[in-house]
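The values are calculated or read from the model by the stated rules, or taken from the named source; none is laboratory data. Keep in mind that what you see is a predicted model, and the values were worked out from it rather than measured. FYI the Cβ positions are ideal-geometry reconstructions off the backbone, even for glycines, and counts take in every protein chain you see.
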Amino acid sequence: MRKRRNRSSANPVAAPVLTAIIESLDQEGRGVTHVDGKAIFIDGALPQERVTFQSHQIKPSYEVANTIAVLKQSNQRVTPQCVHFGYCGGCKLQHLDFAAQVAAKQRLLENDLWHIGKVRAENMLPPLYGPIWGYRHKARLSVKYVQKKQRVLVGFIEKATSFVADMHSCAVLVPEVSALISPLQTLILQLSLKDKIPQIELAVGEPADNRPVIVLILRILDALTAQDEGLLKTFAEAHAVQIWTQSKGPDTIQPFYPLNAPGLQYSLPEFGLTYPFKPNEFTQVNPQINQVMIRRAMQLLSPQPDERIADFFCGIGNFTLPIARSGAQVLGLEGLANLVERANESAQLNKIENAKFGVADLFKMTAESLSGLGRFDKWLVDPPRDGAFELVKAINADNMPKCIVYVSCNPATLSRDAGVLVNEKGYQLKAAAVINMFPHTSHVESIALFERILS
């Protein structure tokens, strides 16, 4: 590898093109190498490859670069399926064999558990797989009217820029939604406020009349004209979709057309459950892997009819209601009142009486407030990316469950919290596994089982 002098990012002269052998992948799916002890993160490069690269972001302790050419390819490199790979920022790992993607995520999880939490799982369970294309049932697409070209772009943000990618399909979106990208571009170009629609949020529910229920939430920053309304209604009818609008904050989201359309829902057939949800409410983007994830969580938690179980960060009851099917008494706590309302609606719809829900700020949990909830035999914890630090810190002898199943969307905060549970609270990390919720991305979802050490 050629040596290089350290350069300031303020230097306007382009960085030289250099050669490197890639050592590993980082948390964002970039190849990692070192030059004179300085870490270089190279987009588009894979471990064991020899590449030429050029840095575009230069800092004192690290650099970010793009691959210029691959001189020696990894045997795990594959041809990306998506024609927009390389400039769309959505799926960075399509050039890596699918099995190798999952293996890399498992290594990342194991490394984070050790380097951040100073813990190792006694057993690494087999990764959980699901569909690898057409799996996304929820997404937020950006919209940009390009006046000079008299065009509208609808898609994800380009890699390493703030521009909207010029795309006409998306291989990870539900096919019926992918097919709407070009028609949406044509529609918005015809509207009087084509420059006042910055994003479209989409949600897909289970089929009604043999077709998935598709809701498009248009963020609209000005009033629609009568002609605009007619165009939107014609589009909704032609493509069998529902159009909702949002003028300001989330509380302004409302259905526009049609008003008598079927609602969104997903089901868990294994547990005989159906969940209604609103298009802007949190649900898993990959419903097939969600079913597999819940099955694994129930196996690890092993709820029993005589137990009292807590589901923290319960959302709309995704885990709460399957736990309740076991006969256990379940309390689901969630910070957002609208999700608790939906959870109660689902419990009533599914005739479940042994699950209760409440609103609580779990990021402000204390030992006193946790003990005030009463004793629980077991916990299930499914926090957002920030993790559950205050919750696990609040554990003491008065409120300690015998086991905790922790579902995580961020291996770093899981590892931090695992360090607290194992090194401070007296738990063992019995098992952990990767859940490949987002194929072809660097996102790592995981699940872990902690058991209390009995004295």
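Output the number of residues of segment 173-221 satisfying the condition of being closer than 18 Å to Q147 by Cα and charged (D, E, K, R). Residues in segment 173-221 being closer than 18 Å to Q147 by Cα and charged (D, E, K, R): 3 in total. Checking segment 346-356 against the condition returns no match, with no residue being farther than 26 Å from Y275 by Cα and assigned to a helix (DSSP H, G or I). Among the residues of segment 270-281, the ones that are farther than 18 Å from H137 by Cα and out of contact with any strand residue (DSSP E or B) (no Cβ under 7 Å at 6 or more places or on another chain) come to 3 in all. The residue that is farthest from L93 (Cα to Cα), among those in segment 25-64 that are touching a residue at least 40 places away in the same chain (Cβ under 8 Å) and of a type in the set (G, A, S), is S55. Screening segment 27-47 for residues that are surrounded by fewer than 16 Cβ atoms within 10 Å (Cβ to Cβ) and modelled with pLDDT of 90 or more and picking the one that is farthest from D97 (Cα to Cα) gives K38.
Scanning segment 347-376 for residues that are surrounded by fewer than 13 Cβ atoms within 10 Å (Cβ to Cβ), under 21 Å from Y266 (Cα atoms) and of a type in the set (S, T, N, Q) gives a single hit, Q348. Taking segment 296-346 as the search range and keeping residues that are hydroxyl-bearing (S, T, Y) and in contact with a helix residue (DSSP H, G or I) (Cβ under 8 Å, 6 or more places away or on another chain), which one is surrounded by the most Cβ atoms within 10 Å (Cβ to Cβ)? Once the filter is applied, the top-ranked residue is T320.
In segment 129-154, the residues that are free of Cβ contacts under 8 Å to residues at least 12 places away in the same chain reach residues that are assigned to a strand (DSSP E or B) with C-beta atoms within less than 7 angstrom, at least six apart or across chains, in these pairs: V146/L153. In a residue-by-residue description of segment 79-87, the property of being hydroxyl-bearing (S, T, Y), in contact (Cβ under 8 Å) with a residue 60 or more places away in the chain and within 22 Å of F163 (Cα to Cα) applies to at least one position. A single entry from Y135, Y129, Y145 fulfils the requirement of being over 24 Å from L216 (Cβ atoms) and aromatic (F, W, Y): Y129. Is it the case that segment 50-71 has a residue that's touching a Phe, Trp or Tyr at 6+ places or on another chain (Cβ under 6 Å), in a loop (DSSP other than H, G, I, E, B) and surrounded by 15 or more Cβ atoms within 10 Å (Cβ to Cβ)? No. Of M365, M400, all but one fail to be touching a strand residue (DSSP E or B) at 6+ places or on another chain (Cβ under 8 Å) and under 30 Å from N111 (Cβ atoms); the exception is M400.
Report yes if some residue within segment 108-131 is under 17 Å from the mean Cα position of the chain (by Cα), loosely packed, with under 15 Cβ neighbours inside 10 Å and on the phi < 0 side of the Ramachandran plot; otherwise report no. Can you show your working first?
Filtering segment 108-131 for residues under 17 Å from the mean Cα position of the chain (by Cα) gives 108-109, 127-131.
The next check asks that each one be loosely packed, with under 15 Cβ neighbours inside 10 Å; those that pass are 131.
Okay, now just the ones that are also on the phi < 0 side of the Ramachandran plot, so 131.
The answer is yes; a qualifying residue exists.
Can you find, within segment 205-215, the residue that is farthest from the chain's Cα centre (by Cα) among those that are more than 13 Å from L180 (Cα to Cα) and surrounded by 19 or more Cβ atoms within 10 Å (Cβ to Cβ)? Talk me through it step by step, then tell me what you get.
Applying the first criterion (more than 13 Å from L180 (Cα to Cα)) to segment 205-215 yields 205-213.
Cutting the leftovers down to surrounded by 19 or more Cβ atoms within 10 Å (Cβ to Cβ) gives us 205, 213.
On the way: G205: 17, V213: 21 Å.
If we take residues in segment 205-215 being more than 13 Å from L180 (Cα to Cα) and surrounded by 19 or more Cβ atoms within 10 Å (Cβ to Cβ), then V213 is farthest from the chain's Cα centre (by Cα).
Within segment 200-250, if we keep just the residues that are out of contact with any Ser or Thr (no Cβ under 6 Å at 6 or more places or on another chain) and hydroxyl-bearing (S, T, Y), the residue that is nearest to P287 (Cα to Cα) turns out to be T245. Only one of the listed residues (A160, A179) is touching a His at 6+ places or on another chain (Cβ under 9 Å), surrounded by fewer than 20 Cβ atoms within 10 Å (Cβ to Cβ) and without any contact (Cβ under 8 Å) to a residue 24 or more places away in the chain. That residue is A179. Condition check for W114 on (1) more than 18 Å from E28 (Cβ to Cβ); (2) outside any helix (DSSP H, G or I): one failure, at (2).
You will find that of A104, A100, the residue that is in contact with a Ser or Thr (Cβ under 9 Å, 6 or more places away or on another chain), surrounded by fewer than 20 Cβ atoms within 10 Å (Cβ to Cβ) and farther than 27 Å from P212 by Cα is A100 and no other. Of all residues in segment 102-151, those that are within 30 Å of P183 (Cβ to Cβ) and not aliphatic (A, V, I, L, M) total 17.
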